[in-house]
Amino acid sequence: IEFAERLSYFGIATSLIIYLTVVIHLDVKTSAKTANQWAGVTTLMPLVGGFLADAYLGRFPTVLLSSIIYLMGLILLTLSSMVPSLKPCASHDHCLEPRKIHVIVFFIAIYLVSVGTGGHKPSLESFGADQFDDDHPDERKKKMSFFNWWNAGLCAGLLLGVTLIVYMQVHIGWGQADIVLTAVMACSVVIFVIGRPIYRYRKPGSPLKPMIQVCVAAFSKRNLSYPSNPSELYEVPKSVKTQERLLCHTESFKFLDKAAVIEEKDFSDTKQQDPWRLATVTRVEEMKLLLNMIPIWLTTLPFGMCVAQSTTFFIKQGTQLDREITRSFTLPPASIYSLAACGMMLSVAVYDRILIPLLRRVTGTERGINILQRIGIGQAFSVTAMIVSAVVERKRLTIVQNDPLHSSITMSVFWLAPQFVIIGIADGFTLVGLQEYFYDQVPDSMRSLGIALYLSVIGAGNFLSSFLITIVDHVTEKVSGKSWFGKDLNGSRLDHFYWFLAAITSANLCVYVFVASRYSYKNVQRKTTGGTVAVADCYQGDGQGARA
């Protein structure tokens, strides 16, 4: 079902800027901003879907409901291209302006896809990871590979989306391509439901309420003194069996520890302690985990801005270059994005099968390198991608200046291959790392929301990219009299914009390294063979796992 969703998403996303300029007749700048805003909404909606899945619906029902909404969007998208009264033009010929009804139906359809993605993306991935038991060493190792191979399957959908689907859109018709997407999604939903009897399920429960209780309890006890020994802070008694994993005390955000300070009146009656006045160490540590994530989330946003270029300006650049493979076959501009998928699959395969076994032997840890190091390596690749993009675009503009008659049509589209491959490698390190980081480091009850937080990096990056385009457009036009973003690419200075992004991402990478070096990973109390919690037996997390 993830394959089907990615097939549909990238079949739509990579061609969206082409559709907006060719069919809807928007200019390049407006098309890029519109595409970024749609991608931003699509990747921020999972914050809502993740919360609903964790708190109320459960992950399986959320996936099923959101898949149906997604399917409705695809059906409506198909109708907008196939039903005569909803088509963009009254005749088969191109028209100067599409009919209003087509524009309305088209945007309703793609935003239904956004809503469907909102529940689908965070719930499905976390539901898949739920099938592995964290307390079982072999299953824990398999879960590490699960995230890598999940993305390989994701890339398979991406690859077909930007090749087969895009080819159908260009050479057969937009409506026929939408029919294929709708049929594949419908089949995948049926297959997903068939597996219902064999899945592992987790009960939903409000993930945010305990966090609010910790803040209220810490504030109400703000005048109390800290105990001399952290072991005097309140935790679930060892005699009480619990299914949840308990966390060890850490020294960060010490002011929150007061929520676990025990007063006599907390147990003055026979009733259970009031969670609004007394929280366990585990609940306090879960709140600390969320606060620890804020700087990491913020320092990965420039990476999201770089990724946003690959489905907008990178694709639009391809339309200006020579895409003729043979005399009878011309490569659709969006299909060049398949190189990013290849780069991602290559990096994931090399990382999982070569680097990880090697690094495990060198470091003696389950993971080889910690999660944040993996994310940082990908961010360094994103800087390289922006530099290469700037150099290639400068070469293209030079050709345009030297030969205005033929423009850059004499330059091969495969000049764009390095920037696509490098951004794909960056995805293989950073995006996969972010998935594992947010799933692993959030409280266990918030894992759907954790996957949503990873997606929100891309969503917020798209919105920031759109905002940056607006600011740069305004400032450059005011300062130099000519904007970096013209009516078309030949009248624009995308090379300057790419250099600007490279500078922003480089500066941010320095901040990220500082933040990551001070990060405190989740510390989980080990369980004994009998399943009881050994409170004193805590292992210091470093994002690498236990010593082999």
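If you go through segment 176-193 one residue at a time, do you hit one that is open to solvent by 30 Å² or more (accessible area, probe 1.4 Å), among the polar types (S, T, N, Q) and either at pLDDT 85 or above or assigned by the TED database to the domain that holds Ile17 (or both)? Yes, segment 176-193 has at least one match. Is it the case, given these coordinates, that Glu244 is under 27 Å from Ile451 (Cα atoms), outside any helix (DSSP H, G or I) and in contact (Cβ under 8 Å) with a residue 40 or more places away in the chain? In short, yes.
No other residue among Ile24, Ile12, Ile17, Ile101 is in a helix (DSSP H, G or I), more than 21 Å from the chain's Cα centre (by Cα) and farther than 27 Å from Arg200 by Cα apart from Ile101. Taken over segment 138-175, the criterion of being open to solvent by less than 70 Å² (accessible area, probe 1.4 Å) and without any contact (Cβ under 8 Å) to a residue 40 or more places away in the chain is satisfied by Glu139, Lys143, Phe146, Met168.
With the structure loaded, tell me whether Val348 is assigned to a helix (DSSP H, G or I) and open to solvent by 10 Å² or more (accessible area, probe 1.4 Å) or whether it fails that test.
no
Every test in (1) surrounded by 19 or more Cβ atoms within 10 Å (Cβ to Cβ); (2) farther than 30 Å from Asp488 by Cα; (3) of a type in the set (S, T, N, Q) is passed by Gln273 save one, and that test is (1).
Okay, residues lined up against (1) under 19 Å from Leu455 (Cβ atoms); (2) touching a residue at least 40 places away in the same chain (Cβ under 8 Å); (3) small (Gly, Ala, Ser):
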residue: Phe10; (1), (2), (3): yes, yes, no
residue: Leu16; (1), (2), (3): yes, yes, no
residue: Ile24; (1), (2), (3): no, yes, no
residue: Leu44; (1), (2), (3): yes, yes, no
residue: Phe51; (1), (2), (3): yes, yes, no
residue: Gly58; (1), (2), (3): no, yes, yes
residue: Thr62; (1), (2), (3): yes, yes, no
residue: Leu65; (1), (2), (3): yes, yes, no
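Taking each residue of segment 383-395 that is within 17 Å of Thr312 (Cβ to Cβ) and not assigned by the TED database to the domain that holds Gly318 and looking for partners that are β-branched (Val, Ile, Thr) and crowded, with 21+ Cβ neighbours inside 10 Å with beta-carbon atoms closer than 6 Å, six or more apart or interchain, yields nothing. For segment 152-168, a residue qualifies if it is out of contact with any Leu (no Cβ under 7 Å at 6 or more places or on another chain) and within 13 Å of Ala341 (Cβ to Cβ), and the qualifying residues are Ala152, Gly153, Leu154, Cys155, Ala156, Leu158, Leu159, Val162, Thr163, Leu164, Val166. Under the condition of being in a helix (DSSP H, G or I), open to solvent by less than 10 Å² (accessible area, probe 1.4 Å) and farther than 12 Å from Ile375 by Cα, the residues counted in segment 432-445 number 2.
For every residue, the table says whether it meets (1) at positive phi; (2) of a type in the set (A, V, I, L, M); (3) modelled with pLDDT of 85 or more; (4) not in a helix (DSSP H, G or I).
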| position | (1), (2), (3), (4) |
| --- | --- |
| Gly450 | no, no, no, no |
| Thr470 | no, no, yes, no |
| Gly486 | no, no, no, yes |
| Tyr498 | no, no, yes, no |
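Return the residues of segment 406-417 that are of a type outside the set (A, V, I, L, M, F, W, C), open to solvent by less than 80 Å² (accessible area, probe 1.4 Å) and touching a helix residue (DSSP H, G or I) at 6+ places or on another chain (Cβ under 9 Å); say none if nothing qualifies. Within segment 406-417, Ser407, Ser408 qualify. Considering Phe420, Phe429, the condition of being of a type in the set (Phe, Trp, Tyr) and either open to solvent by 10 Å² or more (accessible area, probe 1.4 Å) or free of Cβ contacts under 8 Å to residues at least 12 places away in the same chain (or both) is satisfied by Phe429 alone. Among the residues of segment 367-405, those that are within 26 Å of Phe147 (Cβ to Cβ) and either among the polar types (S, T, N, Q) or open to solvent by 50 Å² or more (accessible area, probe 1.4 Å) (or both) comprise Asn370, Gln373, Ile377, Gln379, Phe381, Ser382, Thr384. Of all residues in segment 156-176, one or more are over 21 Å from Arg374 (Cα atoms) and not in a helix (DSSP H, G or I).
The values are calculated or read from the model by the stated rules, or taken from the named source; none is laboratory data. Predicted model only: the values in this text are computed from it and were never measured. Neighbour counts run over all protein chains shown; Cβ positions are idealised from the backbone, glycine included. Note: accessible area is taken over every heavy atom of the protein model, side chains too, but ligands, DNA and RNA are not part of it. Shrake-Rupley method; radii C 1.70, N 1.55, O 1.52, S 1.80 Å.
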